[in-house]
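Trainee: Sharing a structure with you now.
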Amino acid sequence: MKIALINGSPKVKDSASNAILQELKKFLGDEPIIIQEHFKSPEIKEEQMESILDCEAIVFAFPLYVDGIPSHLLHCLVRFQEYIDKIGKKEIVVYTLVNCGFYEGKHNALAIDMMKHWTKKSGLKWGQGIGIGAGGMIPGLGNVPAGHGPKKNLGTALKIISDNIVNSSEGETLFITANFPRFAYKLAAEFGWRKAIKANGLRRKDLFRKKV
């Protein structure tokens, strides 16, 4: 079996989307042939699309942007759909992993629905989607195996979707968050923002400054 893992984050490195895909690879095991692509700009090459369409399954992972798909990735999907229409329908199953900075994974529901519609429009088969909350934590938990500690729920969800991927089967949409208290996640996020503000030569009160 051949599987395409597509990182749809605009970040060049240290993205939650890439971290999630690397965890998923461990659950998929050594048997499948896995190719990896990174759609970090609106441009997508024909050779990339040819390679991806040679797979039995495509897994998209991307961050939530304004309750939807990041604009650069949307451009790639439109181009991809046009290419699929040109060469004809393919028997490929699509899976989607959407992460957000919100604590609750349910905020990713609309983005997953958008991917369902794109899959249908492209003549492909929908497999499953997972909405992952508290995505901002994941890159910093590289030493914690999925299925343990704050990543316990993530490991459970990735095991379910990996089984569906290797069997080319469908599953219901899952929404998860980190096994970490909500108040503590909020405090950690606020600390990160204050640190970023200071690094950029601003003060905390500048966050609340209104333009006249």
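The values are calculated or read from the model by the stated rules, or taken from the named source; none is laboratory data. All values reported here derive from a predicted model rather than from experimental measurement. Please note: Cβ atoms are built from the backbone with ideal geometry, for glycine as well, and neighbour counts cover all protein chains shown. Accessible surface areas use protein heavy atoms only, side chains included; no ligands, DNA or RNA. Shrake-Rupley method; radii C 1.70, N 1.55, O 1.52, S 1.80 Å.
Trainee: Quick one: of the DSSP bridges fully inside the chain, what percent are antiparallel, nearest 5?
Mentor: Antiparallel: roughly 5 percent of the beta bridges in the chain.
Trainee: Between 0 and 90 degrees, rounded to the nearest ten: what's the tilt of helix 152-166 against the longest Cα principal axis of the chain?
Mentor: 10 degrees
Trainee: Among ARG182, ARG79, ARG194, determine the one that fluctuates most according to a GNM of the chain built with springs between C-alpha atoms less than 10 Å apart.
Mentor: ARG194
Trainee: Hey, another quick one. If the cut-off is 21 Å between C-alpha atoms, which lysines fall inside it for LYS198, apart from same-chain ones fewer than 8 positions away?
Mentor: LYS186, LYS210, LYS211
Trainee: May I ask for the angle, rounded to the nearest 10°, between helix 109-121 and the longest principal axis of the chain, with both axes built from Cα atoms and the value confined to 0 to 90°?
Mentor: In the chain, helix 109-121 runs at an angle near 20 degrees to the longest axis.
Trainee: State the volume of the convex hull built on the alpha-carbon positions of the range 1-122, expressed per residue in Å³ and rounded to an integer.
Mentor: 101 Å³
Trainee: Which residue, LEU158, LEU24, LEU202, has the most motion in a Gaussian network model of the chain that connects Cα atoms within less than 10 Å?
Mentor: Answer for the Gaussian network model of the chain: LEU202.
Trainee: Continuing with this model, one more query. Among LYS89, LYS195, LYS121, whose mean-square fluctuation peaks in a Gaussian network model of the chain (Cα, cutoff 10 Å)?
Mentor: Between LYS89, LYS195, LYS121, it is LYS195 that shows the largest mean-square fluctuation.
Trainee: Going through the cross-link list LYS11/LYS120; LYS13/LYS116; LYS2/LYS125; LYS40/LYS152, which pairs have a Cα-Cα distance over 22 Å in this structure?
Mentor: LYS11/LYS120; LYS13/LYS116; LYS40/LYS152
Trainee: In the P(r) worked out for the chain, what percent of Cα pairs fall beyond 31 Å?
Mentor: Pairs farther apart than 31 Å: 21 percent.
Trainee: Within the range 20-42, whose backbone N sits under 18 Å from a point 7 Å along Cα→Cβ of ILE87?
Mentor: Answer for the range 20-42: 33-39.
Trainee: Let me ask something additional. Under the rule of -39500 (n - 2.57) per DSSP H run of 4 or more residues, summed and divided by the residues of the chain, what mean residue ellipticity at 222 nm is obtained, to the nearest 500 deg cm²/dmol?
Mentor: Mean residue ellipticity, 222 nm, calculated: -12500 deg cm²/dmol.
Trainee: To the nearest Å, what is the center-to-center distance of the range 1-79 and the range 134-184, using C-alpha atoms only?
Mentor: 17 Å
Trainee: With axes computed from alpha carbons, what is the tilt in degrees of helix 182-199 against the longest principal axis of the chain, rounded to the nearest 10 within 0 to 90?
Mentor: Compared with the principal axis, the helix lies near 80 degrees.
Trainee: Give me the percent of the accessible area of the range 61-130 that comes from carbon and sulfur atoms, probe 1.4 Å, all protein chains in place.
Mentor: In the range 61-130, the share of accessible area belonging to carbon and sulfur is 56 percent.
Trainee: Provide the gained length on full extension for the span LEU110 to ALA189, in nm with one decimal, where the gain is 0.36 nm per separating residue minus the Cα-Cα distance.
Mentor: Here the answer is 26.1 nm.
Trainee: Further question on the same structure: Distances longer than 18 Å among the Cα atoms of the range 101-150: what percent of all pairs is that?
Mentor: Result: 47 percent of Cα pairs exceed 18 Å.
Trainee: With every protein chain present, what is the per residue accessible area of the chain (1.4 Å probe, Å²)?
Mentor: About 55 Å² of surface per residue is accessible.
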